[in-house]
1. How much accessible surface area, in Å² rounded to 10, belongs to the heavy atoms of Thr30 with a 1.4 Å probe?
2. Kindly sort Glu52, Glu74, Glu61 by accessible area of their heavy atoms, largest first, with the probe set to 1.4 Å.
3. Less than 19 Å from a label point 7 Å out along the Cα-to-Cβ axis of Glu4: which backbone N atoms in the stretch 55-85 qualify, by residue?
4. How much length is gained on full extension from Arg70 to Thr36, taking 0.36 nm per residue of separation minus their Cα-Cα distance?
5. Using label points projected 7 Å from each Cα along Cα→Cβ, tell me how many nm separate Ala82 and Asp14, to one decimal.
6. Using a 1.4 angstrom probe with every protein chain in place, what is the largest-first accessible-area order of Leu81, Leu51?
7. Show Asp14, Asp26 ordered by accessible area, largest first, where the area counts protein heavy atoms only and the probe is 1.4 Å.
Amino acid sequence: MSTEGRPMVARHHDFTITVISERRPDDTWTALAAVTRASGGAPLVQGVPLLEGPAAEFATEAEARDYALRAAQEWIDENLLAPSPDQDSEQRG
């Protein structure tokens, strides 16, 4: 039986990241992250793709939460933010 940790909520740009940790029966920790944003009146809720298997198991709840939060922040930056004019010119350069 696994035990759910207390949800953690953080902001990144105009998005809310909710991280939920879970303690597994073998005493390792894992976490899930979801990104939310109100967009044109309809909320965007997107699960963040995270590692699976042993690579996603951590010794502490803090490590699992930190991993999921960093992954969500990177996912937002790569998938939901418009490229800056500098990035656009570098890609064309």
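1. Counting only protein heavy atoms, the figure is 20 Å².
2. Details: Glu52 160, Glu74 105, Glu61 50 Å².
So the residues, ranked largest to smallest area, are Glu52, Glu74, Glu61.
3. Output list for this probe position: 61-62, 64-66, 68-69.
4. Details: separation 34, 0.36 × 34 = 12.24 nm, distance 1.54 nm.
The Arg70-Thr36 span can extend by a further 10.7 nm.
5. Taking the simple label geometry, Ala82 and Asp14 are separated by 0.9 nm.
6. On the way: Leu81 60, Leu51 95 Å².
Ranked from most to least accessible, the order is Leu51, Leu81.
7. Numbers: Asp14 115, Asp26 95 Å².
Largest accessible area first, the list is Asp14, Asp26.
The values are calculated or read from the model by the stated rules, or taken from the named source; none is laboratory data. The shown structure was predicted, so the numbers you read here are calculated from the model rather than taken from an experiment. All Cβ positions, glycine included, derive from the backbone under ideal geometry; neighbour counts span all protein chains shown. Only protein heavy atoms, including side chains, enter the accessible area calculation; ligands, DNA and RNA are left aside. Shrake-Rupley method; radii C 1.70, N 1.55, O 1.52, S 1.80 Å.
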